Every structure is written in C-alpha cells, then in structure tokens.
Amino acid sequence: MSAHYGYFMTRILLLAAALSGLLAGPAAAEKQIYNVTLGRRPLGSLKFEGQGSNATLRLSLDNTPFGLDDGTFEAVTQAKGNEVDYLGTSRGSETRDIAIVRKADTVTAVTITPHSEMTEMTDAGKVPPGVISPTEFFAKLANGETCPSPMAMYDGRRVVQMATTAKKQNDDTVICDMSYKVAMGPGYVFPFYFKSFDVQLAYTARKLATFAMSAGGFTVRLIRQ
C-alpha cells in the first residue's frame, strides 16, 4: 500500500497534484527544483518553471519502494488569447494523457486516454466555471509570497476545493494550513478514494520553501533546493 499511496499523494501535490487555473504570481518566473520525500525516504524531484497560465512542471520518481511506482508526470499549460490549453502525461507504472481546453473561465473540452481512466467529471458540461488546471495551481503556490486565496482545481477527473484555514508567522517564515477536499468526482487512491487531505505550506523570505500533504498517516513533502 505505501508505494502506491506515496506515488498518488506525490502526484496530488502537483497536480499534483497537483497540483487548477492559476493567476500569475508576483515572483519572477525562475526555474524551481524541489526534492520529493515520503517520510524520510527520498522519492525523486520536481522541476517547475513559468507563471500563471504559461507554466510547465515535471515530476520524476526514481526511488519508490521496490521501484513499483517509478516514472514521470509532466504537465504543460499554455495561454492563447482567452483560451488556456492543458496537457498532463503520466509514464511509468501507468500511462495516461489528459488534455483540457478552457475558454475564459469555462472548460470546453476534456480528453483522457485510455478511456478507462475517465470519470463522471470527464465531461466539460459538468465542470463548474472558474476552475484552474494542476499546473496553474502549482504556479500560484510556487510563485506566491504568502498563504493563497481559495481556489478550485480541475484535473480532468475531479474538482478539488482548496482554502487557507490558518496562518502563522515564525520569524521570516509564514506557515499556511490549508484544506484540500474533492468536491466533485472520485477520491484518490484505489480502493480508499481519499477525499480530504491536510496541506501545509511554508514561505521563507517570501518564497515557497516546503509543501507538505498528509493523509492516512503518510506525509509527502516538496522541499525547495
């Protein structure tokens, strides 16, 4: 269980996701690299670059238990006028492609391959307006300077609501406790289908330093290099 749980939890962070259509953050669009850990075990790395609706990320896992969930997740979001295109690809223990098209604040098209990965929310007509893609979601966190405003992320299979629930200042570090709840569609990780996670962000000197997500006694962290 721990291998699959760690892999899916990591993906949620980004999509993780992830980590969701995000607004451009105030920081520069510099390349960011994060170490990914499950407890004390290093799993791999996450590379991110961009701002707002023009951003890319790549998650590489090469040290999951027994190598069962080693692989990559890549996501790209591009803005073209009032249209935003998202493409997420998973390679390794599973192969999945998800493409989402959003015009203004409305999702107009969703495609998932293979079809067996589709859910009841893989229907553009059912997606509420105002959602962001996983890449935009991570852009908002990575380029932010403090606790984020409420947001809703859509990854082609579900809609997730996120909001800051508590904020604490510790010298030059701001700690943000967040709720992460699946509002529409299935939960994460078969056969458990988790629908709620605890998320904690730490911003040091106005830059994202760590991103931790916890559920079921496990904690996955992104630690900025």
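The values are calculated or read from the model by the stated rules, or taken from the named source; none is laboratory data. Quick caveat: nothing in here was measured; it's all calculated off a predicted structure. With ideal geometry, Cβ positions are generated from the backbone for all residues, glycine too; neighbour counts draw on all protein chains shown. When the accessible area is computed, the model is the full protein with side chains, heavy atoms only, and any ligands, DNA or RNA have been set aside. Shrake-Rupley method; radii C 1.70, N 1.55, O 1.52, S 1.80 Å.
Contour minus end-to-end for Ser214 and His115, with contour as 0.36 nm per residue of separation and end-to-end as the Cα-Cα distance?
Full extension from Ser214 to His115 adds 32.7 nm.
With r defined as the distance between the Cβ atoms of Tyr193 and Lys80 and R0 fixed at 45 Å, what FRET efficiency is calculated, to the nearest 0.05?
That gives a FRET efficiency of 0.80.
What FRET efficiency comes out for the pair Ile33/Ser179, r = Cβ-Cβ distance, R0 = 22 Å, nearest 0.05?
0.20
With N residues in segment 54-162, what two-decimal value do you get for its Cα radius of gyration over 2.2 N^0.38 Å?
1.11
Give, to the nearest whole percent, the P(r) tail of segment 94-153 beyond 19 angstrom, counting all Cα pairs.
For segment 94-153, the share of Cα pairs beyond 19 Å comes to 39 percent.
Please give the calculated 222 nm ellipticity per residue for the chain, where each DSSP H segment of at least 4 residues contributes -39500 (n - 2.57) and the sum is spread over every residue; nearest 500 deg cm²/dmol?
-3000 deg cm²/dmol
Would you give the gap between the C-alpha center of segment 174-219 and the C-alpha center of segment 98-173, rounded to a whole Å?
13 Å
Rounded to the nearest percent, how much of the accessible area of the chain (1.4 Å probe, protein heavy atoms only) is carbon and sulfur?
52 percent
How many Å³ per residue does the convex hull of the Cα positions in the chain occupy?
Cα-based convex hull of the chain, divided per residue, equals 108 Å³.
How big is the charge dipole of the chain about its Cα centre, in debye rounded to the nearest 20, if each Lys and Arg gets +1 on its Cβ and each Asp and Glu gets -1 on its Cβ?
300 debye
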